[in-house]
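> One structure follows; several queries about it will come next.
The values are calculated or read from the model by the stated rules, or taken from the named source; none is laboratory data. Note that this is a predicted model, so its numbers are computed, not measured. Please note: Cβ atoms are built from the backbone with ideal geometry, for glycine as well, and neighbour counts cover all protein chains shown.
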Amino acid sequence: MNLLLVLKIVGRVLLFESLTLLPPLGVALWYGEDPMPFVSTFVLVAFLGAFLASLSAPPTFFAREGFCCVGMIWVLTGILGSLPFYLSGAVPSFVDCLFESFSGFTTTGGTVLPDVEILPQGVQFWRCFSHWLGGMGVLILATAVLPSLGEQSQYLARAETPGPFVLKLVPRQPRTSKILYAIYCVMTLVVILLLWAAGLPLYDAVVHAFSIAGTGGFSSKNASFAFYGNPAVDLIVSVFTLLFSLNFGLFYLALCRRFKEIWKSEELRFFLAVVTLSTVFIAWDLDPGHHQGILESLRYAFFHVTSVISTSGFFTEDYALWPQFSQMILVLLMFCGSCSNSTGGGIKCARVLILLRTLRRELHRLAHPRAVEVIKLDGRVVEDRAVRTVLAFLGCYMLILCAAGLIISLDGHSFSISFSSALSSLSNVGPGLELVGPTGNFSALSPLSKLVMSACMVIGRLEIFPILILLSPNAWRRT
């Protein structure tokens, strides 16, 4: 392990991340609020980054260093990002500050705050801005603007990319990162303009656009989008949470006018089929007991299906009060999650497809032991190594989910609360069921449970392996 080079890269990224504190600082100054929480955090992060970046280290850097670097960056980002909450006094408990910060950067969207509307505007902005920073990935952003990372960026991108396959649009990874962030910024700007045109105040449009783009769930209103009661706003939110849940490589294909290749994406077709069927089934289950007519049921069903499968966590009503059939569908969507190389969380549709095709292959082998069958995705053969990695990921995912749920159950809450809390944090969804449902929060959980959920948020956002490698003694041995 080339620890000195890992720390040096961490320092460079922290130097860049210190600049992300300037926009909320500007908002605090604009609204006449105390700027010192952001100034103090900026100085601390910049000083720490400068110190680490000044270290001298040999240039050896491989996948192991990449995974450890990504894990350290995300842990430090969550810890340092909690300081504005704590120094401003908006969140008195430091454990709660950590929870809120990790929930923001991992785009989980769960909160421990019973009243978010009393937060200072600068802190509110930082809270939602963290969704935007974490949505595409803080290290993907760093590789786009820090050319000094050079070839090391490919290992960082591989460790941070959500999904079983690394997205590389062009030969050089920094160029790919720039393309991704250009698409990301343009889409965010479009959301801001549409929400503003639909009647939201500019500030509300900006902070909600950050949350939509990052498929997080933070809102400046306690009632989330139910506060506005605007069908046009609901439609904008639903459509764009779906778009940000798609593989960003598809947007690049659209810009290149390679539309036939887009529809060849089996993950895209699977994702859209799941959204359509889930919306229809929930609307059928809700009508007419909960809403006036099938159209209104479809409206609420579509909003919450897109919110959950994208792992955004927005709401317009409390789906914890819906029939059990509808709640079960939403829980299954929490597992499934969005597409690979998107800003969403969950297991990812590509992994679900590989799992289903692996099961089909194994059943076929039982009936025909001599048969040779390969697994394909988008017409390409999926190597056995990739299949094993997917199965290992799913096994680790279930073990961590069970362990986290077991620890949270020590608080004495119901199974639904304990299990959905663990699932929502590991899949980066946000709200769970019952007490921790859309209209609730996680303030009733113990500090231990909040720390466990914070760890699950990072593990889920980085898709398990970088954190496991970071904690593995073998990764730190010199070779």
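> Answer yes or no: is there a residue in segment 217-236 that is closer than 20 Å to Ser340 by Cβ and surrounded by 22 or more Cβ atoms within 10 Å (Cβ to Cβ).
If we filter segment 217-236 for residues that are closer than 20 Å to Ser340 by Cβ, which is where we start, we get none.
Checked segment 217-236: no residue is closer than 20 Å to Ser340 by Cβ and surrounded by 22 or more Cβ atoms within 10 Å (Cβ to Cβ).
> On to the next question. Mind checking which helices (runs of 4 or more DSSP H) fall wholly inside segment 1-78 and carry at least 1 residues that are closer than 24 Å to Ile467 by Cβ?
Numbers: elements: 3-19, 22-30, 36-53.
Per the criteria, 3-19, 36-53.
> Every residue in segment 1-47 that is within 27 Å of the chain's Cα centre (by Cα) and among the charged types (D, E, K, R), please.
Lys8, Arg12, Glu17
> For segment 235-260, give me each residue that is farther than 18 Å from Val429 by Cα and either part of a helix (DSSP H, G or I) or at pLDDT 95 or above (or both).
Within segment 235-260, Leu235, Ile236, Phe248, Gly249, Leu250, Phe251, Tyr252, Leu253, Ala254, Leu255, Phe259, Lys260 meet the criteria.
> Answer yes or no as to whether Gly135 is touching a helix residue (DSSP H, G or I) at 6+ places or on another chain (Cβ under 6 Å) and either modelled with pLDDT under 90 or among the charged types (D, E, K, R) (or both). Don't jump to the end; show me each part of the working.
On the way: touching a helix residue (DSSP H, G or I) at 6+ places or on another chain (Cβ under 6 Å): yes; either modelled with pLDDT under 90 or among the charged types (D, E, K, R) (or both): yes.
Yes.
> Going through segment 266-286 one residue at a time, which ones are more than 19 Å from Thr241 (Cα to Cα) and not hydrophobic (A, V, I, L, M, F, W, C)?
Glu266, Asp285
> Which one is surrounded by the fewest Cβ atoms within 10 Å (Cβ to Cβ) among residues in segment 91-115 that are touching a residue at least 40 places away in the same chain (Cβ under 8 Å) and of a type in the set (Gly, Ala, Ser)?
Ser93
> Which count do you get for residues in segment 302-349 that are part of a loop (DSSP other than H, G, I, E, B), on the phi < 0 side of the Ramachandran plot and of a type outside the set (Ser, Thr, Tyr)?
Keep residues of segment 302-349 that are part of a loop (DSSP other than H, G, I, E, B), which gives 310-318, 322-323, 337-348.
Checking the rest, the ones that are also on the phi < 0 side of the Ramachandran plot come to 310, 312, 314-318, 322-323, 338-340, 342-345, 347.
Subsequent filtering for residues that are of a type outside the set (Ser, Thr, Tyr) retains 314-315, 317-318, 322-323, 339, 344-345, 347.
Adding up the residues that qualify gives 10.
> Hey, another quick one. Within segment 1-58, which residues are of a type in the set (Ser, Thr, Tyr) and closer than 18 Å to Ser130 by Cβ?
Residues of segment 1-58 of a type in the set (Ser, Thr, Tyr): 18, 20, 31, 40-41, 54, 56.
Once the filter is applied, which keeps residues that are of a type in the set (Ser, Thr, Tyr) and closer than 18 Å to Ser130 by Cβ, segment 1-58 yields Ser18, Thr20, Ser40, Thr41.
> Right, something else. Tell me, yes or no, whether segment 325-341 has at least one residue that is in contact with a helix residue (DSSP H, G or I) (Cβ under 6 Å, 6 or more places away or on another chain) and surrounded by fewer than 18 Cβ atoms within 10 Å (Cβ to Cβ).
yes
> Right, another one. Do we have Val75 as modelled with pLDDT of 90 or more and over 20 Å from Asn441 (Cα atoms) here?
On the way: modelled with pLDDT of 90 or more: yes; over 20 Å from Asn441 (Cα atoms): yes.
Taking the combined requirement at face value, the residue satisfies it.
> Here's a follow-up. Return the total of residues in segment 403-444 being without any contact (Cβ under 8 Å) to a residue 40 or more places away in the chain and of a type in the set (A, V, I, L, M).
Going through segment 403-444 one residue at a time, the tally reaches 8.
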